[in-house]
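Novice: Dropping a structure here in structure tokens format, bear with me for questions.
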Amino acid sequence: QVQLVESGGGSVQPGGSLRLSCAASGYTYSSATMGWFRQGPGKEREWVASIYTSDGLSYYADSVKGRFTFSQGNAKNTVHLQMNSLKPEDSAVYYCAAATARTSAFYLRGAYTFWGQGTQVTVSS
């Protein structure tokens, strides 16, 4: 089955940037839709962004729109989330997720079958 591993998390000051990566085994064959979710302290896991891997179309939550960019790496087994103008409220564990089908319900946790273990992002002064 598909295995996902996130990396690139860390601590930055407000206004800073981070680039998260997700390495997905079997990505080219099994993952039509990729997503990023995050879970901050005392909060539910929330949708951040998704991408259709066949054509690169991406979608974003209102909270990150204009600041985050979802992209695919040169190798189809990797995706990236470029996070700019980071705010303290962006602090969370970020999870990569994969769905085998191209789905219009990409903002729902239930649409995804495979999940990574998460990477911590901390934005503070």
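Novice: Being buried (at least 16 other Cβ atoms within 10 Å of the Cβ) and either out of contact with any Gly (no Cβ under 9 Å at 6 or more places or on another chain) or of a type outside the set (Ser, Thr, Tyr) (or both) is the filter here, so list the residues in the range 1-24 that pass it.
Specialist: If the condition is that a residue be buried (at least 16 other Cβ atoms within 10 Å of the Cβ) and either out of contact with any Gly (no Cβ under 9 Å at 6 or more places or on another chain) or of a type outside the set (Ser, Thr, Tyr) (or both), then VAL2, LEU4, GLU6, GLY8, GLY9, VAL12, LEU18, LEU20, CYS22, ALA23, ALA24 are the ones that fit.
Novice: Among the candidates THR69, THR53, which residue alone is over 16 Å from PHE114 (Cβ atoms), open to solvent by 10 Å² or more (accessible area, probe 1.4 Å) and free of Cβ contacts under 8 Å to residues at least 40 places away in the same chain?
Specialist: On inspection, the qualifying residue turns out to be THR69.
Novice: Quick check on my filter: what residues within the range 26-41 are at pLDDT 95 or above and assigned to a loop (DSSP other than H, G, I, E, B)?
Specialist: GLY40
Novice: Here is a further query. Within the group ALA98, ALA75, ALA105, which residue is free of Cβ contacts under 8 Å to residues at least 12 places away in the same chain and touching a helix residue (DSSP H, G or I) at 6+ places or on another chain (Cβ under 8 Å)?
Specialist: ALA105
Novice: Find all pairs meeting these conditions: Cβ atoms under 7 angstrom apart; at least six residues apart or on different chains; first residue within the range 32-43 and over 14 Å from ALA105 (Cβ atoms) and open to solvent by 30 Å² or more (accessible area, probe 1.4 Å); second residue part of a strand (DSSP E or B) and aliphatic (A, V, I, L, M).
Specialist: Correct list of pairs: GLN39/ALA92; GLN39/VAL93.
Residues checked against (1) charged (D, E, K, R); (2) within 18 Å of VAL123 (Cα to Cα); (3) in contact with a helix residue (DSSP H, G or I) (Cβ under 6 Å, 6 or more places away or on another chain):
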residue: ARG19; (1), (2), (3): yes, yes, no
residue: SER31; (1), (2), (3): no, no, no
residue: GLU44; (1), (2), (3): yes, no, no
residue: ASP90; (1), (2), (3): yes, yes, no
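Novice: Consider the range 75-118. How many of its residues are assigned to a loop (DSSP other than H, G, I, E, B) and open to solvent by less than 40 Å² (accessible area, probe 1.4 Å)?
Specialist: 8
The values are calculated or read from the model by the stated rules, or taken from the named source; none is laboratory data. Predicted model, so just to flag it, every value in this text is computed and none were measured. Glycine gets a Cβ as well: all are built from the backbone with ideal geometry, and neighbour counts include every protein chain shown. Protein only, heavy atoms only, side chains kept; ligands, DNA and RNA dropped before computing areas. Shrake-Rupley method; radii C 1.70, N 1.55, O 1.52, S 1.80 Å.
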